[in-house]
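So the structure is just underneath, and the comments pick up after that.
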Amino acid sequence: MTKAYSYIRFSSTRQIRGDSLRRQTEISEKYASDHGLELDQKFHLKDLGYSAFDRSNIEKGALGGFLDAVKAGKIEPGSYLLVESLDRLSRDQLIDALTVFLDIIRRGIVIVTLTDGMVYEHKSMGENYSPLLISITIMARAHEESLTKSKRVKAAWANKINHADEKKLTARCPAWLELSPDRSTFKFIPERAEVVKEIIKLSKTGLGQWVISRRLNERREPNWSGKPVGWHVSYIAKILNNPALYGEFQPRMTVNGKLQPHGEPVANYFPALITKDEFLALQSVRKLRTFATGRKGDHVPNLMSGLLKCAYCGSSMNLVHTRAEKKLDSNGAVIEHVSRKSLMCEKGRRGLGCFAVRWDYHEFEKSFLMFCSGLELSKLLEDLDASNALHDMKQNLQDELRLVEAKLEENGKRLQNLVTSIEQGQAPKSILDRMEGLEIEVQELHEKRIELRAQINHQVQEERSRVTELKSLQSVLKQLSEKKGDELFTLRAALADHIRRFIQDVRIYPAGQLLKQEDVDAMRSELAKAGFSETRIAIYVQTMRTTPERVGRSGRYASRREIARYFIIRTRGGGTRIVTPDFDDPAVLRVESPMYFEPVDEPLPATGT
């Protein structure tokens with residue numbers, strides 16, 4: 001029995017609730033039954049919600065799969081393709097729609113349009129071209145109808161956007177808002193707006209999305225879906241990333257089957273919870289939180305996660321855990337090894353050419369926080385105020401603003417002269433053209449002045465906030481020993497957040513300063529030229545280390561007292577401090593400025609594992 005394949009399509013998923021699906025299914029079944037055809041049940045040729053105008057039914061839908069099957073010979077020649085009408089196959093431009101139609105016919109597939117009973121078959125159409133002319137007419141009309149509808153929809157949408165201040169485009173809005181009965185404005189749903197404010201506040205203090213969602217779930221805060229699924233991390237992120245927080249709305253339209261921005265964003269469309277500057281500052285801070293991929297345990301495990309770099313190879317210094325265990329010594333006595341966390345070069349840990357030298361994390365953190373709590377961080381930031389690029393940037397912005405204001409004053413005088421000429425009856429086209437050009441230039445200068453003033457204000461606020469941030473950081477440090485549980489986690493999260501606002505990276509030398517082999521060889525050559533004996537050269541060169549020392553039966557690399565391990569802190573403004581903690585007491589620090597010490601600028605091409 002000859003097989004028939006029923007293809008059903010409609011462009012809007014809302015039509016599922018209508019009669020379109022039932023109607024197309026029934027007429028296909030009836031035609032197959034009346035003509036002795038076996039209706040195939042394996043190929044599910046249904047494109048529900050796919051458009052034939054933008055070719056999404058071919059590029060992404062079931063029809064495209066059917067066409068591939070035809071080309072691959074999986075559909076037998078002589079089989080029937082049943083469609084309600086030709087516009088179900090394509091509403092594309094005539095040439096493209098006709099190409100799809102003829103490709104199917106040429107491969108021996110019979111197309112039947114069920115509304116008019118037309119049969120399109122390769123052999124019969126070769127003898128009588130009337131069905132081909134009819135198909136061309138139908139496809140041309142289908143494209144013209146869709147094109148006209150598309151233009152009308154776009155024009156109507158553009159008109160709505162232009163009058164958005166009078167009547168809202170749609171009732172769709174963020175879940176903490178609702179449309180007023182007269183559709184002229186949105187208003188807050190009070191209890192939901194309070195939840196959003198809390199989410200923003202928690203994010204500002206340094207908490208990540210996972211922790212925020214958990215807190216809302218633990219107190220049984222109802223989610224806004226009406227389903228008992230709780231709050232998800234992705235939804236917290238969706239709220240925090242939404243420009244509607246500061247009132248902006250981005251109109252969108254479906255283009256080629258995808259929802260894409262349409263036109264410029266509409267400012268002040270929604271009532272705002274925060275300003276745009278506050279929104280951008282929030283996004284900037286959130287991007288710095290590389291540690292906040294999820295909470296592990298009752299505290300932020302690594303306050304500097306993502307900031308710590310191996311000075312020897314440049315890769316990350318990550319936390320590694322040593323499990324608690326019991327071992328027997330040579331005399332048979334039990335030795336207990338407690339669980340501990342250490343920092344280790346990731347490449348060294350994986351045997352990729354660097355050194356797996358450990359630095360106990362708690363000792364490192366104690367040294368780092370001691371540096372932050374003391375005067376050294378304040379001095380570092382004060383140094384930057386006098387020399388960093390922010391000062392120069394502010395000065396450049398002020399110079400540019402003065403230039404813009406001078407041009408505005410000059411153009412204002414020119415415009416006044418032109419107006420005087422016109423009042424005296426001298427109004428040739430050249431004067432009018434020049435006046436129009438000057439007005440455009442003045443408008444651009446006004447916009448530039450507004451932009452420059454905003455940038456200068458931002459710089460001033462950044463300078464002020466640095467002092468506030470520093471005080472806040474040191475205040476948080478004082479409270480660390482007093483908190484436990486969730487309070488401790490919140491405090492450590494806030495501390496990690498503050499650290500990222502100041503610190504660019506921390507380069508760690510767990511085995512002290514190591515030299516490149518070529519530097520050692522060069523020194524050996526210089527000493528030989530100076531007349532030193534081989535013995536004296538060998539003794540001197542022995543003090544110049546290119547690799548860490550190994551200890552124990554396992555031969556592992558070790559961080560030892562005599563090597564003077566240290567780390568270098570670099571701030572986001574470009575300042576640098578070298579910190580050398582005491583090996584026995586991590587709270588005792590020797591802090592140096594780079595002018596007294598030259599660290600290795602480039603990571604060492606380390607060898608050994």
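A few notes on this one:
- The stretch 30-64, subset under 37 Å from the mean Cα position of the chain (by Cα) and open to solvent by 40 Å² or more (accessible area, probe 1.4 Å), residue nearest to His143 (Cα to Cα): Phe53
- Taking first residues from the stretch 187-211 that are under 12 Å from Leu240 (Cβ atoms) and partners that are part of a helix (DSSP H, G or I) and open to solvent by 30 Å² or more (accessible area, probe 1.4 Å), the Cβ contacts under 6 Å between residues at least 6 apart in sequence or on separate chains come to Gln209/Val233.
- Only one of the numbered conditions (1) at pLDDT below 80; (2) within 23 Å of Asp103 (Cβ to Cβ); (3) acidic (Asp, Glu) is not met by Asp40, and that is (1).
- Taking the stretch 62-84 as the range and being within 19 Å of Thr113 (Cβ to Cβ) and either of a type outside the set (Ser, Thr, Tyr) or in contact with a helix residue (DSSP H, G or I) (Cβ under 7 Å, 6 or more places away or on another chain) (or both) as the test, the residues that pass are Ala62, Leu63, Phe66, Leu67, Val70, Ile75, Gly78, Leu81, Leu82, Val83, Glu84.
- Restricting the first member to the stretch 212-234 and to residues that are under 15 Å from Ala175 (Cα atoms), and the second to residues that are in a loop (DSSP other than H, G, I, E, B) and among the β-branched types (Val, Ile, Thr), the beta-carbon pairs closer than 8 Å and six or more apart or on different chains are Asn223/Val229.
- Any hit, the stretch 92-111, residues being within 22 Å of Ala32 (Cβ to Cβ), touching a residue at least 40 places away in the same chain (Cβ under 8 Å) and crowded, with 19+ Cβ neighbours inside 10 Å: no
- The residues of the stretch 491-517 that are among the charged types (D, E, K, R) and open to solvent by 10 Å² or more (accessible area, probe 1.4 Å), listed by number, are Arg492, Arg501, Asp505, Arg507, Lys516.
- Residue list for the stretch 190-205, restricted to those being at pLDDT 90 or above and surrounded by 16 or more Cβ atoms within 10 Å (Cβ to Cβ): Arg192, Ala193, Val195, Val196, Ile199, Ile200
- Selected residue (only one of Ala140, Ala62, Ala72 is farther than 22 Å from Tyr5 by Cβ, among the small types (Gly, Ala, Ser) and at pLDDT 75 or above): Ala140
- Within the stretch 532-555, none of the residues are modelled with pLDDT of 85 or more and under 40 Å from the mean Cα position of the chain (by Cα).
- Residue in the stretch 1-16 that is modelled with the lowest pLDDT, counting only those that are open to solvent by less than 60 Å² (accessible area, probe 1.4 Å) and of a type in the set (Gly, Ala, Ser): Ser12
- Test: residue in the stretch 321-335 that is modelled with pLDDT of 75 or more, within 25 Å of Arg565 (Cβ to Cβ), buried (at least 16 other Cβ atoms within 10 Å of the Cβ) and of a type outside the set (Lys, Arg): no
The values are calculated or read from the model by the stated rules, or taken from the named source; none is laboratory data. The shown structure was predicted, so the numbers you read here are calculated from the model rather than taken from an experiment. Every residue, glycine among them, receives a Cβ derived from its backbone with ideal geometry; neighbour counts consider all protein chains shown. Each accessible area value is taken on the protein alone, full model and side chains, heavy atoms only, with ligands, DNA and RNA left out. Shrake-Rupley method; radii C 1.70, N 1.55, O 1.52, S 1.80 Å.
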